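So the structure is just underneath, and the comments pick up after that.
The values are calculated or read from the model by the stated rules, or taken from the named source; none is laboratory data. Please read these numbers as outputs of a predicted model, since none were measured by experiment. Positions of Cβ are generated from backbone atoms using ideal geometry, with glycine treated the same way; all protein chains shown enter the neighbour counts. Surface accessibility is based on the protein's heavy atoms, side chains included, excluding ligands, DNA and RNA. Shrake-Rupley method; radii C 1.70, N 1.55, O 1.52, S 1.80 Å.
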Amino acid sequence: MTVVGIGADGWAGLSGVSREALRAAEVVVGGARQLALLPEDGCAGERVMWPSPLRPAVPKVLAAHAGRRICVLASGDPMFYGIGRTLAEVVGAGALRVLPHPSSVSYACARLGWPVEDTEVVTLVGRPTERLAAALHEGRRVLVLSAGAATPAEVAALLRDRGFGPSRMQVLEQLGGGERERRAEGLARDWTEPSGDPLNVVAVECRRSPDATRLGAVPGLPDSAYEHDGQLTKRHVRAATLGALAPAPGELLWDVGGGSGSIAVEWMRTHRSCRAVSVERDPVRAERIGRNARALGVPGLRVVTGGAPDALAGLPVPDAVFVGGGLTVPGLLDACWDALPAGGRLVANTVTLESEALLFDRYRRFGGELVRLAVAHAVPVGGFTGWRQAMPVTQWSVVKGPGPGFGSGPGFGPGPGPGFGPDNGPMPDSGPGSEPNSGSASGPGPDPGPDSPHVLSGDQR
């Protein structure tokens, strides 16, 4: 099977090798726009248009033409957000011959004078516009692969909403199409351009409004970045928790007792391929988690409404698990541990003595790392300034070994020896708060968190 990349310049822009592949094909498969770019007398093969939705239809279309010479058309580079990936997954890379064309990103960077390697690329084809939010940082250049003619206006609206109204936008249409190329530009806050050609790329030079909240690229976003009802892992504890969880590209997190979803959101923000499932029993909080995920650029966060451990059944195998509430619920911690493969990480936070005793027992028996995270804030004391101590958070983190039981394997025996974590002692830059330790993971009341209205600490009152 041959996969031919084709641009807006159509047949005229194809190499001799690509033209020969199309002439020799008995079947040519592609989208309606791509098939229309072929000459009537240059390709004698049967023309087949992809049905919608495309992904589930691919095996059926290929099976219907098995044994024939098939040529599949793709826009630009087939292996860059293109059909090439799907075909490789279905038939295997060894069965493909890929003939790429310059991608829209290459064309756009050539027109703009932007180095390709320094340009962030975000595709909105078949994806929510909100995912662009995670790529917005002062001074960064971003290319947005549009889903259609309405995308530029949607991008401008998102930039305004996220505090990036001063950003300069350029819409590049029909790239590679010669005289059909068109460019429109302006600031996101003033964007009034009418919808143009659906084949476009949006170039964004990010500029943040002076009054907009600055969101960094590492865990520990400001608490004000989240909508919450008090059930929020505060930023210093959040940063320490993500450090212990140690996300890596492509990994999946279970956030058990999601609360506001801050741990899952910041796990996913560390890399575009990171995935997370947030389990939250309260429907109101579950909806709030979804809003936070969309606001902070990770709309792909999966939210499961239900109580753990029952709600964990059927979820995909995690690489790491964070337990922020419901530790004393029978079977919850064991269910999380049993779901982890060897090498998986478990991190649990608590502020209550009852749950702390449970974590100490696990630490004493199975190792890992047990730390206490505490922070004090400077506050006015009359005409002076003093420290107000927040409730300390106890955190247990451990890596699952290859054998049965907690922390099994070399280096994870009983006692405080080397464990999983950035160091072997409390982290000084840690803060108050723990995710929903009011039992939002499984049931009411077993683990009130530091932000619970029933816990009066200096940090809240």
State whether one or more residues within segment 151-164 are closer than 30 Å to A24 by Cβ and modelled with pLDDT of 95 or more.
no
Residues that are open to solvent by less than 20 Å² (accessible area, probe 1.4 Å): find the helices (runs of 4 or more DSSP H) completely inside segment 1-79 holding 2 or more of those.
16-24, 54-64
Please indicate, with yes or no, whether at least one residue in segment 275-286 is of a type in the set (A, V, I, L, M, F, W, C), more than 24 Å from A156 (Cα to Cα), assigned to a loop (DSSP other than H, G, I, E, B) and open to solvent by 20 Å² or more (accessible area, probe 1.4 Å).
no
Just to be sure, is A248 at pLDDT 95 or above and open to solvent by less than 10 Å² (accessible area, probe 1.4 Å)?
no
Spot the failing condition for A25; the list is (1) touching a helix residue (DSSP H, G or I) at 6+ places or on another chain (Cβ under 6 Å); (2) over 27 Å from E179 (Cα atoms); (3) small (G, A, S), and only one is missed.
(1)
Report those strands (runs of 3 or more DSSP E) wholly inside segment 302-385 carrying at least 2 residues which are open to solvent by 40 Å² or more (accessible area, probe 1.4 Å).
302-305, 369-373, 376-381
Filtered residues of segment 172-229 (kept if open to solvent by 40 Å² or more (accessible area, probe 1.4 Å), within 29 Å of R285 (Cβ to Cβ), of a type outside the set (D, E, K, R) and not in a loop (DSSP other than H, G, I, E, B))
S224
Looking at (1) at pLDDT 95 or above; (2) under 24 Å from L333 (Cβ atoms); (3) in contact with a helix residue (DSSP H, G or I) (Cβ under 9 Å, 6 or more places away or on another chain), which is the only condition G259 fails?
(1)
Quick test of your reading of the structure: I289 fulfils all but one of (1) more than 20 Å from S397 (Cβ to Cβ); (2) crowded, with 23+ Cβ neighbours inside 10 Å; (3) in contact (Cβ under 8 Å) with a residue 60 or more places away in the chain. Name the failing condition by number.
(3)
Which numbered condition trips up G407, out of (1) modelled with pLDDT of 90 or more; (2) small (G, A, S); (3) part of a loop (DSSP other than H, G, I, E, B)?
(1)
Whether any residue in segment 113-124 is more than 26 Å from V298 (Cα to Cα), in contact (Cβ under 8 Å) with a residue 24 or more places away in the chain and more than 26 Å from the chain's Cα centre (by Cα) is what I want to check.
no
Residue that is nearest to R207 (Cα to Cα) [pool: residues in segment 159-171 that are assigned to a helix (DSSP H, G or I) and open to solvent by 10 Å² or more (accessible area, probe 1.4 Å)]
R160
Those residues of segment 13-37 which are touching a Gly at 6+ places or on another chain (Cβ under 8 Å), over 11 Å from I70 (Cα atoms) and hydrophobic (A, V, I, L, M, F, W, C) amount to L37
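Which of the following residues is over 21 Å from V371 (Cβ atoms) and in contact with a strand residue (DSSP E or B) (Cβ under 7 Å, 6 or more places away or on another chain): A225, A217, A188?
Only one candidate passes the filter, namely A188.
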Mind checking which residues of segment 139-156 are more than 21 Å from the chain's Cα centre (by Cα) and of a type in the set (G, A, S)?
G139, G148, A149, A150, A153, A156
